[in-house]
Amino acid sequence: LIASSFAHADSSNGRLDIYFIDVEGGAATLLVTPAGESILIDSGYPDNGGRDRDRILHVVRDVAKLDRIDHASVSHWHLDHYGNHAALADKIKISSFWDRGIPESLPEDNKFGDRIALYRAASQNQSRTLKAGDSFTLANPSQPLHIKVITASGDVIPNEGPANPFAAEHKPQADDPSDNAKSVSLLFTFGKFRFLTCGDLTWNTEAKLMTPNNPVGQVDLFMVTHHGLNVSNNPVMVLALDPRVCVSCNGPTKGGAPETIATLKRVKSLQAMY
């Protein structure tokens, strides 16, 4: 638990703050730059008495000391990832919305039409469509925050760079037709610090990104993909990223697969796992 008196990012200390918010089996990650500009990635489940919405609002308002969310991003169109965007917009100003583009339908969700209508209304149909290879920078007085889209809508950045020494570890799984495979992956760079979060990206798309070469390089912090499930977190990606710290948003009965934990324990540079 983080006390409300906890020091937060501002221009005087030059910090980039990252908050991993407990939304019980979904995902919600808040980044705040030294200039106070904020990015919320995903927003957990709706309903449950406003549980996830209120936990996010608590961190935004009481811990990070913000009066708005500048950018709200959706990694993919599953309810545990975008379920509170509309509810949050009803409680606090959200200046811009990012996503991979809104599909006409979602085969795995027969209520998608009603649910996405709420998101469309909250974003006023003005959300920014992110594509693999897009990059942009948030200016700060001490250090800019660079953001690069690594994957989106099943596409990946060009497979350029040094050979991936773990490429031979890829063993294909069955094709994933769900929206998980189309997740938006974001690489954040702040000085020498690098943080990668890939939503619920799945096994074969991870391999498409990382074989035979490694176009991402190594990272300092890795958000364990897809709640730590074993249909994601392909060793060909995790081992090549070689993170120093990893964080998993698995829930009480979801994620944290033994196979994923075993892969993470093989990471040479890993110092801490949360």
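The values are calculated or read from the model by the stated rules, or taken from the named source; none is laboratory data. Treat the numbers as computed from the prediction; the structure is a model and nothing was measured. Here the Cβ positions follow ideal geometry from the backbone for every residue, glycine too, while neighbour counts run over all protein chains shown. Remember, those area values only see protein heavy atoms, side chains included, never the ligands or the DNA or RNA. Shrake-Rupley method; radii C 1.70, N 1.55, O 1.52, S 1.80 Å.
Odds and ends about this structure:
- Placing dummy labels 7 Å off each Cα toward the beta-carbon, the span from N125 to I92 is 2.8 nm.
- Computed magnitude of the charge dipole of the stretch 27-125 (debye, nearest 20; Cβ of K, R +1, Cβ of D, E -1): 280
- The stretch 209-230 residues near the modelled S269 label - backbone nitrogen below 11 Å, point 7 Å along Cα→Cβ: 217-222
- Remark: the S105-S135 segment gains 8.0 nm on full extension, using 0.36 nm per residue and subtracting the alpha carbon distance.
- D by Stokes-Einstein for the stretch 29-130, Kirkwood Rh over Cα pairs, 10 °C, 1.306 mPa s: 116 µm²/s.
- Cβ-based net charge around A181, under 10 Å, with every Lys or Arg adding one and every Asp or Glu removing one: -3
- Just the protein heavy atoms count here, and of the accessible area of the chain at 1.4 Å, carbon and sulfur take up 50 percent.
- The stretch 29-43-the stretch 88-145 distance, computed between alpha-carbon centres (Å): 14
- For the stretch 122-197, the list of trypsin sites (Lys or Arg not before Pro) that fall in a loop by DSSP and count at most 10 other C-beta atoms within 10 angstrom reads K192.
- The candidate values were [x] 14.7; [y] 13.9; [z] 16.9; the one computed from these coordinates for mean projected area of the Cα convex hull in nm² carries the label [y].
- Accessible-area ranking of V216, V231, largest first, probe 1.4 Å: V231, V216
- Between A174 and E160, the simple spin-label model (points 7 angstrom out along Cα→Cβ) gives 3.7 nm.
- The calculated FRET efficiency for D62 paired with N213, based on their beta-carbon distance and R0 = 45 Å, is about 0.55.
- Spacing of the two label points (7 Å from each Cα toward its C-beta) at N48 and T253, in nm: 1.3
- Our helix-only sum for the chain, with -39,500 (n - 2.57) per DSSP H run of n ≥ 4 divided by its residues, gives a mean residue ellipticity at 222 nm of -5000 deg cm²/dmol.
- In Å², nearest 10: area of W203 left accessible to a 1.4 Å probe: 40
- Sum of side-chain charges, G113 neighbourhood, beta-carbon under 11 Å (Lys, Arg +1; Asp, Glu -1): 0
- Net charge dipole size for the chain [Lys, Arg +1 and Asp, Glu -1 on Cβ; Debye, nearest 20]: 540
- Charge tally in the Cβ shell below 10 Å around P46, where Lys, Arg are +1 and Asp, Glu are -1, P46 excluded: 0
- Placing +1 on the Cβ of every Lys and Arg and -1 on the Cβ of every Asp and Glu, with nothing else charged, gives the stretch 111-191 a dipole about its Cα centre of roughly 340 debye.
- In the elastic network of the chain, a GNM with C-alpha springs shorter than 10 Å, the most mobile of A89, A27, A121 is A121.
- Sequence-separation-based contact order of the chain, relative, with Cα cut under 8 Å and 6+ spacing, percent: 14
- Reported to the nearest whole Å, the Cα centre-to-centre distance from the stretch 175-208 to the stretch 213-242 is 8.
- Cβ-based charge dipole, the stretch 13-79, positive-most Cα from V23, N48, T33: T33
- The longest stretch of the chain left intact once loop-based GluC sites (Glu not before Pro) with at most 15 other Cβ atoms within 10 Å are removed from consideration, loops following DSSP, is 161-274.
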